[in-house]
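Peer 1: Provided herewith is a single structure, encoded as structure tokens, for subsequent inquiry.
The values are calculated or read from the model by the stated rules, or taken from the named source; none is laboratory data. These figures come from a predicted structure and were not determined experimentally. Glycine gets a Cβ as well: all are built from the backbone with ideal geometry, and neighbour counts include every protein chain shown. Only protein heavy atoms, including side chains, enter the accessible area calculation; ligands, DNA and RNA are left aside. Shrake-Rupley method; radii C 1.70, N 1.55, O 1.52, S 1.80 Å.
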Amino acid sequence: MPDFTAFQTPFFQARFAGRPLALAVLAAFLFFASTAPAVEPETVSARTDALLARMTLAEKIGQLTLFTGYSGITGPVKEQGQQSLLKQVCKGDCGNVFNLISVAEIKKFQKVAVEETRLHIPLLFGYDVIHGYKTIFPICLGAAASWNPALIESSERVAATEAAAAGLDWTFAPMVDIARDPRWGRICEGAGEDPFLGSAIAVARVRGIQGTNLAAPDTLLACVKHFAAYGAVQSGREYNTVDLSERMLREVYLPPYRAAIDAGALSVMSAFNELNGTPATANRFLLQRVLRDEWGFQGFVVTDYTAINELVMHGSAADEGDAARQALPAGVDMDMQSGAFLNHLQERLAAGQITEAQINAAVKRILEIKFKLGLFDNPFRHCDEQREQQAFYTKENLATAYRLACESFVLLKNTNQTLPLKVGKNIAVIGPLADSRRDLLGSWIAEGKADSCETVFEGIQRNNPGAKVTFTAGCDIDSTNRAGFAKAVTAAKRADLAVLVLGESCEMSGEAKCRTSLGLPGVQTELLREIKKTGKPVVVVLMNGRPLALEEESQMADALLETWFPGTEGGKAAADVLFGQHNPCGKLPATFPRAVGQVPIFYAAKNTGRPLDPANPKDVYKSKYLDCPNDPLYPFGFGLSYTTFNYSEVRLERATLKPGEKLQATVTVTNTGNYAGAEVVQLYLRDLVGSVTRPVRELKGFQKIELRAGESREVSFSIGENELKFLRADMTVGTEPGQYEVFIGSDSRATAVAKFELLAR
Ligand code: BGC
């Protein structure tokens, strides 16, 4: 039996060395499931150094390598068949594996790593657990619409608990890319357009994934991605170029990554895109200067899928070896799937193009995380088949998914109180998404299964016993077939009202799913026109992975409810919300344009030298379009409720603020309608004059409150240096004296305004 002593714990030595593995696994699990002490940093560092000192160069490079298994593969696979991956693990060429699912599979690979490799270094198992593992939550953009970080944190706790029970250690989440271009299919994976909201959600997700102890039986290592500015790809096209000023990068795109790292995330994924001429995966400025030197990041950097190979196609590396030579010193520690480190680091080291110190630093970062995860103490810490059987779709997990779905829905329109629906009316449920199970889950669904999801149609039937509820699709999601129109029109005519469930398929957003049009695909709008002609009230329920441009549709609908892709419990939740069992309270995390030509469109824009005066929209030499208003269809932060909320004037404690002081801004919010409801009270600031121009508004605070019908509450925000600082003309972060406007309201157009002056130091 080989010598473990340098880096294994006494527990591991005593129980594992020389004993049959099964016994050791069982003993280890029973022990660690109840007690998984956090691994102390000093011990981690000393144990890592001891291990590193014993490793050969080949073993080190193996630790820098991550290869895919056989599930949920998202790119090219070089190696063929399970045997060859197992052989690579056995040879020590592959120290980390992703896309393996189930305890049985993971155990098989881990057994080879810890029993058959010379130093018995455990593998790290990763997977894309993006919005749930088995229990699927709303897509991340939908979850962001809840503006409820605590609930999002709970959803990540559930996801991590389920994924850990399936043997996994590591999720490639959270995706924190700010996205202001809905053509980009991956906007569905993030928290939308705003750095403040995005940062709050990034923190919540990291906390939910990692918990307070990485070595606990139910936590995963988080991986913040895609570093950096992937959401700013030109023309919203996947994998495209990013060219951004450093100011825009630092003010808008970097804050959520920073927030996630400050919250303790210990791995980061480098992005596919280039940034200002240098691919992110060989970008020293990003990976070294910003991430490590400025932010003090202590974890490791993994590339995105084959991103090192892709440096060649980017045109910044001559060949794969040259790409590896660039990526390592730039700050990449682990190579996902390109094999470039494995194939070329030895030769590049021999040629003096990289140093062993660089390799050691990368290996050390990875091993330290493996120690922190407790993998050296118990490589099978997440491998318990019994737990695996019991962890999925529990009542509590489903309840969290249901709650987040309810809170993610955004009521965009509700004329004449069309919603909530009244029990007893005959309803024609129409539309290609009304009875679809799979689409409810959205993209990136890990191991989620749609079989037992209730569809919106089924949920409407359940809520409306005794009344007639019919279903007809009317058309496909994306075809020109109008053959179903007549049947749908007849159904609408026979009913008291029509509920149309329209939108995109779950395949139309996510990675490599970009669109140039933001309308409803196929002939869905035509179907809506036909149903509208019947004169029956029309409720439109939307399912989609991005903001859509639905000006005509929004005019035709009497009520419009955005449900995104709401997850395992989402069909049920949508039907319950339609019938008023819950009052919708979501707010848009991204602007909905009127037309695709307005894109990119976001609330935190600059004023320009010739802003359009809304009172004189025909003024010629103003910043505007000939054929479309400037304002969006639905602004950031927008969302209605079955009740109404009234906002008082904004009350400021004082009209001036000295540096270092804080100022309270307060409003009274009153529920003036007939239902209890939740409202997201939003604080926006405007710095009127700066050493560089400032956005017309920036979100600086929000609070979600619940009010009974008729109830009032005072809501206060504290404004200080933190809310006022920005990247000044000289690129330092700080405040500047001058006038500020404070807006508090229910969306980014909030009109309640007050002013104060920040005094000079
Ligand atoms: C995606 C990543 C993902 C990785 C691994 C890539 O194609 O860009 O977000 O984590 O695959 O599946």
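Peer 1: Of all residues in the range 209-225, which are polar (S, T, N, Q) and out of contact with any strand residue (DSSP E or B) (no Cβ under 8 Å at 6 or more places or on another chain)? It would help to see each step written out before you state the result.
Peer 2: Taking the range 209-225 first, the residues polar (S, T, N, Q) are 210, 212-213, 219.
Hits for the range 209-225 are 212, 213, 219.
Peer 1: Please verify whether the range 93-111 includes one or more residues that are part of a loop (DSSP other than H, G, I, E, B) and more than 28 Å from residue 443 (Cβ to Cβ). Break it down stepwise before answering.
Peer 2: The initial filter retains those residues of the range 93-111 that are part of a loop (DSSP other than H, G, I, E, B), namely 93-95, 99-102.
So of that shortlist, the ones also more than 28 Å from residue 443 (Cβ to Cβ) come out as 93, 95.
Yes: one or more hits.
Peer 1: Which members of the range 115-143 meet the condition of being surrounded by fewer than 24 Cβ atoms within 10 Å (Cβ to Cβ) and either charged (D, E, K, R) or outside any loop (DSSP other than H, G, I, E, B) (or both)?
Peer 2: 115, 116, 118, 128, 134
Peer 1: Something else now. What's the number of the only condition in (1) within 16 Å of the ligand (Cβ to nearest atom); (2) touching a Pro at 6+ places or on another chain (Cβ under 9 Å); (3) closer than 19 Å to residue 178 by Cα; (4) aromatic (Phe, Trp, Tyr) that residue 253 fails to meet?
Peer 2: Tallying (1) within 16 Å of the ligand (Cβ to nearest atom); (2) touching a Pro at 6+ places or on another chain (Cβ under 9 Å); (3) closer than 19 Å to residue 178 by Cα; (4) aromatic (Phe, Trp, Tyr), residue 253 fails exactly one: (1).
Peer 1: Considering only residues that are open to solvent by 10 Å² or more (accessible area, probe 1.4 Å), of a type in the set (Gly, Ala, Ser) and more than 16 Å from the ligand (Cβ to nearest atom), which ones fall in the range 175-207?
Peer 2: Passing the criteria: 199, 200.
Peer 1: Determine whether the range 154-161 contains at least one residue that is charged (D, E, K, R), within 29 Å of residue 637 (Cα to Cα) and either away from the ligand (no atom under 16 Å from the Cβ) or buried (at least 24 other Cβ atoms within 10 Å of the Cβ) (or both). If you could, list the steps in order and put the result at the bottom.
Peer 2: Keep residues of the range 154-161 that are charged (D, E, K, R), which gives 156-157.
Checking which are within 29 Å of residue 637 (Cα to Cα) leaves us with 156-157.
If we keep only those that are either away from the ligand (no atom under 16 Å from the Cβ) or buried (at least 24 other Cβ atoms within 10 Å of the Cβ) (or both) as well, we get 156-157.
Yes, the range 154-161 contains a residue that is charged (D, E, K, R), within 29 Å of residue 637 (Cα to Cα) and either away from the ligand (no atom under 16 Å from the Cβ) or buried (at least 24 other Cβ atoms within 10 Å of the Cβ) (or both).
Peer 1: Next question. Can you pull out every residue in the range 95-114 that is modelled with pLDDT of 95 or more, surrounded by fewer than 24 Cβ atoms within 10 Å (Cβ to Cβ) and within 16 Å of the ligand (Cβ to nearest atom)?
Peer 2: Within the range 95-114, just 99 meets the criteria.
Peer 1: For the range 489-526, name all the residues that are open to solvent by 20 Å² or more (accessible area, probe 1.4 Å) and within 16 Å of the ligand (Cβ to nearest atom).
Peer 2: Matches in the range 489-526: 507, 511, 512, 513, 514.
Peer 1: Would you check if residue 609 is on the phi < 0 side of the Ramachandran plot and either in a helix (DSSP H, G or I) or open to solvent by less than 10 Å² (accessible area, probe 1.4 Å) (or both)?
Peer 2: Numbers: on the phi < 0 side of the Ramachandran plot: yes; either in a helix (DSSP H, G or I) or open to solvent by less than 10 Å² (accessible area, probe 1.4 Å) (or both): no.
Spelling it out, it is not the case that residue 609 is on the phi < 0 side of the Ramachandran plot and either in a helix (DSSP H, G or I) or open to solvent by less than 10 Å² (accessible area, probe 1.4 Å) (or both).
Peer 1: Out of the residues in the range 239-250 that are of a type in the set (Ser, Thr, Tyr) and under 17 Å from residue 187 (Cα atoms), state the one that is nearest to the ligand (Cβ to nearest atom).
Peer 2: As a first pass, look at the range 239-250 and keep what is of a type in the set (Ser, Thr, Tyr): 239, 241, 245.
Narrowing further to those that are under 17 Å from residue 187 (Cα atoms): 239, 241.
Working: 239: 9, 241: 16 Å.
For the range 239-250, the residue satisfying everything is 239.
Peer 1: Quick one: which strands (runs of 3 or more DSSP E) lie wholly within the range 650-761 and hold at least 1 residues that are open to solvent by 40 Å² or more (accessible area, probe 1.4 Å), under 30 Å from residue 584 (Cβ atoms) and hydroxyl-bearing (Ser, Thr, Tyr)?
Peer 2: Numbers: elements: 663-671, 677-687, 698-707, 712-719, 738-745, 753-758.
Result: 712-719.
Peer 1: Follow-up. Just for the range 39-69: of the residues that are in a strand (DSSP E or B) and among the hydrophobic types (A, V, I, L, M, F, W, C), which one is nearest to the ligand (Cβ to nearest atom)? Let's see the steps before the verdict.
Peer 2: Of the range 39-69, the ones in a strand (DSSP E or B) are 65-68.
The next check asks that each one be among the hydrophobic types (A, V, I, L, M, F, W, C); those that pass are 66-67.
Details: 66: 9, 67: 11 Å.
If we take residues in the range 39-69 being in a strand (DSSP E or B) and among the hydrophobic types (A, V, I, L, M, F, W, C), then 66 is nearest to the ligand (Cβ to nearest atom).
Peer 1: Could you identify the single residue in 449, 422, 370 that is out of contact with any helix residue (DSSP H, G or I) (no Cβ under 7 Å at 6 or more places or on another chain), open to solvent by less than 20 Å² (accessible area, probe 1.4 Å) and either among the basic types (Lys, Arg) or not in a helix (DSSP H, G or I) (or both)? Don't jump to the end; show me each part of the working.
Peer 2: Values: 449 fails: open to solvent by less than 20 Å² (accessible area, probe 1.4 Å); 422 fails: open to solvent by less than 20 Å² (accessible area, probe 1.4 Å).
Being out of contact with any helix residue (DSSP H, G or I) (no Cβ under 7 Å at 6 or more places or on another chain), open to solvent by less than 20 Å² (accessible area, probe 1.4 Å) and either among the basic types (Lys, Arg) or not in a helix (DSSP H, G or I) (or both) holds for just one of 449, 422, 370, which is 370.
Peer 1: Show the residue pairs meeting these rules: Cβ distance below 7 Å; 6+ apart or different chains; first residue within the range 124-149 and under 28 Å from residue 102 (Cα atoms); second residue away from the ligand (no atom under 14 Å from the Cβ) and at pLDDT below 95.
Peer 2: none
Peer 1: When only residues in the range 217-238 that are over 17 Å from residue 178 (Cβ atoms) and outside any loop (DSSP other than H, G, I, E, B) count, which is farthest from the ligand (Cβ to nearest atom)?
Peer 2: So the residue we want is 221.
Peer 1: For the range 682-693, what are the residues that are without any contact (Cβ under 8 Å) to a residue 60 or more places away in the chain and under 27 Å from the mean Cα position of the chain (by Cα)?
Peer 2: Within the range 682-693, 685 is the sole residue that qualifies.
Peer 1: May I pose another question? For the range 612-635, what are the residues that are assigned to a loop (DSSP other than H, G, I, E, B) and either among the charged types (D, E, K, R) or touching a strand residue (DSSP E or B) at 6+ places or on another chain (Cβ under 7 Å) (or both)?
Peer 2: Restricting attention to the range 612-635, the residues satisfying the condition of being assigned to a loop (DSSP other than H, G, I, E, B) are 612-633, 635.
The answer is 613, 618, 619, 622, 624, 627, 631, 632, 633.
Peer 1: Ok, one more. Looking at 560, 520, 502 in this structure, which one is closer than 26 Å to residue 191 by Cβ and without any contact (Cβ under 8 Å) to a residue 40 or more places away in the chain?
Peer 2: On the way: 560 fails: without any contact (Cβ under 8 Å) to a residue 40 or more places away in the chain; 502 fails: without any contact (Cβ under 8 Å) to a residue 40 or more places away in the chain.
Being closer than 26 Å to residue 191 by Cβ and without any contact (Cβ under 8 Å) to a residue 40 or more places away in the chain holds for just one of 560, 520, 502, which is 520.
Peer 1: Answer yes if at least one residue in the range 462-475 is under 19 Å from residue 406 (Cβ atoms) and buried (at least 22 other Cβ atoms within 10 Å of the Cβ), and no otherwise. Lay out the reasoning, then the answer.
Peer 2: Quick first cut of the range 462-475, residues under 19 Å from residue 406 (Cβ atoms) only: 462-464.
When the remaining residues are screened for being buried (at least 22 other Cβ atoms within 10 Å of the Cβ), the result is none.
Within the range 462-475, not a single residue is under 19 Å from residue 406 (Cβ atoms) and buried (at least 22 other Cβ atoms within 10 Å of the Cβ).
Peer 1: If I ask for residues that are away from the ligand (no atom under 16 Å from the Cβ) and more than 18 Å from residue 131 (Cβ to Cβ), which ones from the range 163-174 would you list?
Peer 2: 167
Peer 1: For the range 574-598, what are the residues that are open to solvent by 20 Å² or more (accessible area, probe 1.4 Å) and either of a type in the set (D, E, K, R) or part of a loop (DSSP other than H, G, I, E, B) (or both)?
Peer 2: Of the range 574-598, the ones open to solvent by 20 Å² or more (accessible area, probe 1.4 Å) are 579-583, 594-597.
Selection gives 579, 580, 581, 582, 583, 594, 595.
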